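Visitor: Take a look at this one; I'll ask things after.
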Amino acid sequence: MIPHFTTALTGPVLDLEKHFLDNAATVKHWLHDQWQGHVPPFYASVDLRHSGFKLAPVDTNLFPGGWNNLHTLFHPLCTPAVMSAIEQHCPGARKLLLIPESHTRNPFYLQNVLQLTMILRRAGLNVRIGSLLPEITAPTPIPLADGQSLVLEPLLRPGPERRRLVLRDFDPDAILLNNDLSAGIPDILENLHEQAIIPPLHAGWTTRRKSDHFAAFREVASRFAAAIGIDPWLIDPDFAVCDGINFRERTGEDCLAAKVDAVLSRTRARYREYGIKAQPFVIVKANAGTYGMGIMTIRDAAEVKDLNRKQRNKMAVVKEGLPVTEVIIQEGVHTIETVNGGAAEPAIYMIDRYIVGGFYRAHADRRHDENLNAPGMHLQPLSFEGPCAMPDPRGGPDTPPNRFFAYGVVAQLALLAASLELRQCAPRAERAGGPLTLMECMSA
C-alpha cells in the first residue's frame, strides 16, 4: 500500500522513523485490521509537516484537487485503487458523473479535472463532467493551456419526481464530487436516493469541521501509538476551537487569545519534556474551508489583539466569500523539508486506502513555521522507485524510501480518522439509533 519514492531529501535521523521501521510488520498489520471494519473515503489528500522531532498531519482534504501535480509514474497505482474504491462505494458502477468546482478561469484546477477524468477512465469508467454553473446550458468545451479541452454539461433532474441526476443522453450510476460545497449544498444535489453521491454531502464544508477531523485523529493516534509503543504527541497536533469570532468587528478576541495561550503553554511544556529548543507557534485557521484562505501564524497570544486591519480582513472570509465565525487553533509543526532552498511540506494522495502519489508544496518566501499554501508557492512532484509495500531494511530512517514509509503511515492514520469522522458526522437519517461516538465508530 505504500510505494517507494525518489527524492533528493536529506534530514536528521528520526527516532520516530526508526521506530516505524523497527515495527513495520506491526504497523502494516494494525492498519490492515483497522480497514477490515471501516470504509475509507473514495479519495483524499493529506498535508503533513515534519519538524525533525514530530511528524503530523495538518490538513486532510476529502475533495482533493491537484491530481495534475502527481508524477506520471504514479498513474499505474491509480487504476486498481479506483476499482477498489468503486466496489466500496457503488459496486458495479460503470457510468460516473463528475461534478467539479466552478473555477472555469483557473487553468491549474482545470488541468486537475482533466487528469482526474483520465485516471477514472483508465479504470474502465465512462466519465462525463456536469457543471453547477447556471450559464452552462449546453455542452460547452473549455480550452486548456496545453491545447486539450474539457466539455462541461448542464445538470438535469428530469421527470415529475426528479429522482435522478443526469446529463443529456447520460444516466450515471454514481456521482463523484470534486467540489467541496463551501458555498452550500445546491438544491439539485438534494434528495437523490437512487444514486450514490461520493463523497457524501455531509463531507462538504457546509457541515464538516476541521476540529471534528482532528478529534477523530486524536483517537486514532492514541490507539496506534499504544499498539507500537510511542508517545501519541509525536504524531498528533494539539488543537482548540473558538467560535463567535468576527475579525472585522473584533469580537471573540478574548476567547481566541486565551485558546492560543493555552495551546502554546501545552506545547512549551512538551518541548521542555523533549529538550526541544525551537519556538512554539500556532496556526489559526477557519474551522471550515480550503485553498489556504483564513490562515495566520501566531507565536504569542498578545499578537491576537495587535492584528492590523489588513490582517483582520484577510482572516474574515474564506472561499466563496463566506465569513469566518469559528476557528481552530492548531499546534504549529515546524518543517525541516526544503525544495530548491524554500520551505516545503509533503502532500500525500490516496484513493480508497491506497497511496497513489504525492508532491511537495514549497514556498521560497515563507519560513519553516508558516503556512505554505499561499500565493507564490510551487509544487514539486514526487516519483517512486517501485510499488513496494514495505520499507527498505537496508537503508537508514532518513533514506527516501524509509522517510516516505513514515509519511505514508501517518497519512493513512489521517485517512482512517476521516473514515471515523464521516461516520460520526453522518445525518441521523443515514444511521439507525442516532449518531455514534468516536469510540463506537472505532469498535464498530
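Visitor: From the residues in region 302-329 that are aliphatic (A, V, I, L, M), over 23 Å from Gly204 (Cα atoms) and touching a strand residue (DSSP E or B) at 6+ places or on another chain (Cβ under 9 Å), which one is modelled with the lowest pLDDT? Reasoning before the result, please.
Guide: The initial filter retains those residues of region 302-329 that are aliphatic (A, V, I, L, M), namely 302, 304, 307, 315-318, 322, 324, 327-329.
This time we only want the ones that are over 23 Å from Gly204 (Cα atoms), so: 302, 304, 307.
Within this subset, residues satisfying the condition of being touching a strand residue (DSSP E or B) at 6+ places or on another chain (Cβ under 9 Å) are 304, 307.
Details: Val304: 88, Leu307: 83.
Looking at the filtered set, the residue picked out is Leu307.
Visitor: So which pairs qualify, if the first residue must be in region 83-97 and more than 14 Å from Glu194 (Cβ to Cβ), the second must be loosely packed, with under 15 Cβ neighbours inside 10 Å and modelled with pLDDT of 95 or more, the Cβ gap must be under 8 Å, and the two must be at least 6 apart or on different chains?
Guide: Partner pairs satisfying both residue conditions: Met83/Gly124; Arg94/Gly124; Arg94/Asn126; Leu96/Asn126.
Visitor: Within region 1-32, count every residue that is at pLDDT below 90, part of a loop (DSSP other than H, G, I, E, B) and more than 23 Å from Ile86 (Cα to Cα).
Guide: The qualifying residues number 10.
Visitor: Same structure, new question: Does Ala302 meet the test of being of a type outside the set (Lys, Arg) and part of a helix (DSSP H, G or I)? Can you show your working first?
Guide: Values: of a type outside the set (Lys, Arg): yes; part of a helix (DSSP H, G or I): yes.
Yes.
Visitor: Quick one: would you say Phe170 is of a type in the set (A, V, I, L, M, F, W, C) and over 24 Å from Asn373 (Cα atoms)? Write out each step before concluding.
Guide: Numbers: of a type in the set (A, V, I, L, M, F, W, C): yes; over 24 Å from Asn373 (Cα atoms): yes.
It is true that Phe170 is of a type in the set (A, V, I, L, M, F, W, C) and over 24 Å from Asn373 (Cα atoms).
Visitor: Take residues that are more than 27 Å from Lys314 (Cβ to Cβ) and tell me which of the strands (runs of 3 or more DSSP E) falling wholly in region 186-296 contain 3 or more.
Guide: On the way: elements: 196-198, 239-243, 282-286.
Passing ranges, in order: 196-198.
Visitor: Turning to a different aspect of this structure: Being under 25 Å from the mean Cα position of the chain (by Cα) and at positive phi is the requirement here; does Gly244 meet it?
Guide: Working: under 25 Å from the mean Cα position of the chain (by Cα): no; at positive phi: yes.
Against the criterion (under 25 Å from the mean Cα position of the chain (by Cα) and at positive phi), Gly244 does not qualify.
Visitor: May I ask you to list the residues in region 33-65 that are of a type in the set (Val, Ile, Thr), at pLDDT 95 or above and touching a His at 6+ places or on another chain (Cβ under 8 Å)? Even if it seems obvious, please write down each step before you answer.
Guide: Initial filter on region 33-65 (of a type in the set (Val, Ile, Thr)): 39, 46, 58, 60.
With at pLDDT 95 or above added as a condition, the list becomes 46, 58, 60.
Thr60 - this is the single residue of region 33-65 that is of a type in the set (Val, Ile, Thr), at pLDDT 95 or above and touching a His at 6+ places or on another chain (Cβ under 8 Å).
Visitor: Still on this structure, I have one more. On the given criteria, is Asp169 out of contact with any Lys or Arg (no Cβ under 7 Å at 6 or more places or on another chain) and modelled with pLDDT of 95 or more? Write out each step before concluding.
Guide: On the way: out of contact with any Lys or Arg (no Cβ under 7 Å at 6 or more places or on another chain): yes; modelled with pLDDT of 95 or more: yes.
Against the criterion (out of contact with any Lys or Arg (no Cβ under 7 Å at 6 or more places or on another chain) and modelled with pLDDT of 95 or more), Asp169 qualifies.
Visitor: As an exercise: evaluate Leu73 against (1) outside any loop (DSSP other than H, G, I, E, B); (2) within 21 Å of Leu62 (Cα to Cα) and give the number of the one condition it does not meet.
Guide: The single condition Leu73 does not satisfy is (2).
The values are calculated or read from the model by the stated rules, or taken from the named source; none is laboratory data. Quick caveat: nothing in here was measured; it's all calculated off a predicted structure. When we count neighbours, we look across all protein chains shown, and the Cβ atoms used for this are built from the backbone with ideal geometry, even at glycine.
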